[in-house]
Amino acid sequence: MVQTTPLWEVFIRPRNGLSHKHVGSIHAADEVLALQAARDVYTRRGEGNSIWVVRSADIHASDPDQAAENFEPTADKIYRHPTFYEIPEEVGHM
Amino acid sequence: MYSQGLIGADGRTTESEEFLARFQARIDAEEKIEPTDAMPEGYRRTLVRQIGQHAHSEIVGMLPEGNWITRAPSLRRKAALLAKVQDEGGHGLYLYCAAETLGVSREEMTEELLSGKAKYSSIFNYPTLSWADIGIIGWLVDGAAIMNQIPLCRCSFGPYARAMIRVCKEESFHQRQGYELCMSLAFGTPEQKAMVQDALNRWWWPSIMMFGPHDADSQHSDQSMAWKIKRFSNDELRQKFIDATVPQAEYLGLTLPDPDLKWNEEKGGYDHGPIDWSEFWRVVKGQGPMARDRIKARKKAWDDGAWVREAALAHAEKRRARKMAAE
Amino acid sequence: MAVWEALIELADDHLVLGHRVSEWCGHAPMLEEDLAMPNMALDMIGTSRTLYCRAGELEGKGRDEDAIAYLRNEREYRNCLLVERPNEDFAHTMLRQLYFAAFMKPFWDAALVSSDEVVRGVAGKAGKEMAYHIRHAGEWVIRLGDGTEESARRMREAVDALSIYVDELFDSSDAAQDAEAAGVLPKRSEMRAAFDKVIEDVFAEALLELPEVPFGQRGGRSGQHGEGLGHMLAEMQSLHRAHPGATW
């Protein structure tokens, strides 16, 4: 039986003012090594100024089988969008 | 670098026709498939195999170029080569991670590589015999790989496509550094020029074999095309590569080692001489000149590193235990 | 002795260690380290290039970085003995890096006020790089020291093998003393406290005992090296020397 080194998801903030964005994964035994590996692998070309790592096993994802019940009911709620409301042009941009 | 026409994909699948049609409709609509989506078993298997082969190629590909890191003839070249070989390792890493989203671990894929079960690009089973090989590999092998890889950025499987976007971005310097290196030799001393011509002679045919067998002989290619795992045929890509490369060789004043290579006005591309497919299959099947050495080197790195990986895991366990005790 | 010779000593340290670390590329214990080690090697090779160029300028005989790096033999190399030690295993490599970086970090910090503009520039860049090397190598020394029985044994062997080369880091050659007097480089002996602090902290966490060194090996600064350096340079310089005058 081969021991497996845990997988981590890596998130990088390209610069202040932006959110951390998922960029890929790495393997590491613990969070300190994971942060170093993320730095060495994913920031070699000035890609960011802050790193998050999260153990892949700690991510809870929505069930793709529930995608329809999760995400389709919003489709007909068009009154949530500004274009649903008609405002005369002379009122100006709103 | 270095994806190769997929060797031996098996796209057979047993799902209902209705399921397959629904899946195909998503693909046809250019929807990306994500790891948790329902997908035909054949699609999953083909991807695991292709991404795995691609990742292995990157990792094994570190060895022939790594062979010259310690002998690079200037400090500038040494830094560039080291950064390039490092990139190849990074590409292998991104690709292993993309394959892992399909439920296969890096350790499993590594074992398959080391046991000889998994294939990798045939090109790395040739030796790098002179410094000029480093230039030629960058120019031709990375050039061929870019042709292959740019379409993969639009592959239907999301994680693979995303990994390839990152790979292609990083790779853009590889071919340029290779060509620039070839320029330094082609326009250098007579010895340097002879060195780069010799390297070109040795790498030309293996490079154009990298695109894989002719379309007519390429099993399973149609299914991969339909699923948009592959977006151009082997021959289309090979033609594109040759057409781009011939004028580049002319600029260097080098001769491509194919007497039958000539412009075909009618098709608007170059015709080339017959490819020795027996050599190709021999090398793919593990009888390349460096095949044993490559796997042996990877196996040594993996085996010698086992105690380090074990120590890191053991230490992580201790840290966890200490943290829990403190809470 | 001239200031430029002291810069060559420093450059040799960085090139030789950068070269050693680069030997790992493609052979590391895990893929993540196949990326981490070239990062360190590239930092050090980059530093050596700037220092060689500056040394060549100050010398004023038209030697460029490659002439200095590729056309001197092992008796002319001036690196300290620590950096030329072979990689052996990952424990040796990480400890060697920790020792080197733990010395260089305070050295570069102190060199930020150098009287030489190029040295100040290098110091700003290299100080940050060495801070990361301390962290990266240090975290590994901790994990190997306090990992498995085998890793702890290998770590102790590395300490035993490498500690005899530490004292030489703090010696200043005649050239270095002149550079110190001119305000170009900081005094090497003044780095001891900062170095000891880093090593004590890491060793404590790594469950390693601080070594007693009965006799520190020296000689690198006068070209008295181990046998390995000649092989390393023979390999590194072979192609360059085979084509005199060629450009690459």
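In plain terms, the chain from residue B:235 to residue B:201 could stretch by 10.1 nm, reckoned as 0.36 nm per residue minus the Cα-Cα distance. Modelled spin-label separation between residue C:243 and residue A:47, with each label point placed 7 Å from Cα along the Cα-to-Cβ direction: 3.5 nm.
Amide H contacts of residue A:50: A:13, each under 5 Å away and 5 or more positions distant or on a separate chain (H built 1.01 Å from N in the peptide plane; Pro and chain starts excluded).
Distance between the 7 Å Cα→Cβ label points at residue B:321 and residue C:157: 2.5 nm.
Taking other residues whose beta carbon is less than 11 angstrom from the beta carbon of residue B:218, and scoring Lys, Arg as +1 and Asp, Glu as -1, yields -3. Here the contact order of the range C:3-242, divided by its residue count and restricted to Cα pairs under 8 Å and six or more residues apart, works out to 26 percent. Amide H to amide H distances under 5 Å link residue B:121 with B:57, where only residues 5 or more positions off or on other chains count and H is placed in the peptide plane. Given R0 = 35 Å, the distance between the Cβ atoms of residue B:14 and residue B:296 translates into a calculated FRET efficiency of 0.35. Each residue of the range C:167-183 is assigned a 3J(HN,Hα), and the resulting list reads 4, 4, 4, 8, 7, 10, 5, 4, 4, 5, 4, 5, 5, 5, 5, 7, x Hz, derived from the Karplus form 6.51 cos²θ - 1.76 cosθ + 1.60 (θ = phi - 60°), x at Gly and Pro. The residues packed around residue C:237, meaning those with a beta-carbon under 11 Å from its beta-carbon, carry a net charge of 0 if Lys and Arg are +1 and Asp and Glu are -1.
Counting Lys and Arg as +1 and Asp and Glu as -1, each charge on the Cβ, what is the dipole of the range C:3-242 about the Cα centre in debye, to the nearest 20?
Dipole magnitude for the range C:3-242 comes out near 440 debye.
Rounded to the nearest 20 debye, the dipole magnitude of the protein assembly as shown is 560 debye, with +1 charges on Lys and Arg beta carbons, -1 on Asp and Glu beta carbons, and the Cα centre as origin.
For residue B:270, nonlocal amide neighbours, meaning residues 5 or more places apart or on other chains whose placed amide H falls under 5 Å from its own, are B:243, B:264. Placing a pseudo-label 7 Å from each Cα along the Cα-to-Cβ vector at residue C:190 and residue B:21 gives an inter-label distance of 8.3 nm.
Across the range A:1-59, the relative contact order, built from alpha-carbon pairs under 8 Å that are at least six residues apart, equals 43 percent. Taking all Cα pairs closer than 8 Å and separated by 6 or more residues, the relative contact order of chain B comes to 22 percent. Packing, taken as the mean count of other beta carbons within 10 Å per residue, orders the peptides C:154-162, B:169-177 from highest to lowest as C:154-162, B:169-177. Applying the Karplus relation 6.51 cos²θ - 1.76 cosθ + 1.60 with θ = phi - 60° to the range B:152-166 yields 3J(HN,Hα) values of 5, 4, 10, 4, 5, 8, x, x, 5, 4, 5, 4, 5, 5, 5 Hz, where x marks Gly and Pro.
Coordinate-derived values only; no laboratory data. Source: prediction; values computed, not measured. In this analysis, Cβ positions are derived from the backbone assuming ideal geometry, glycine residues included, and neighbour counts consider all displayed protein chains.
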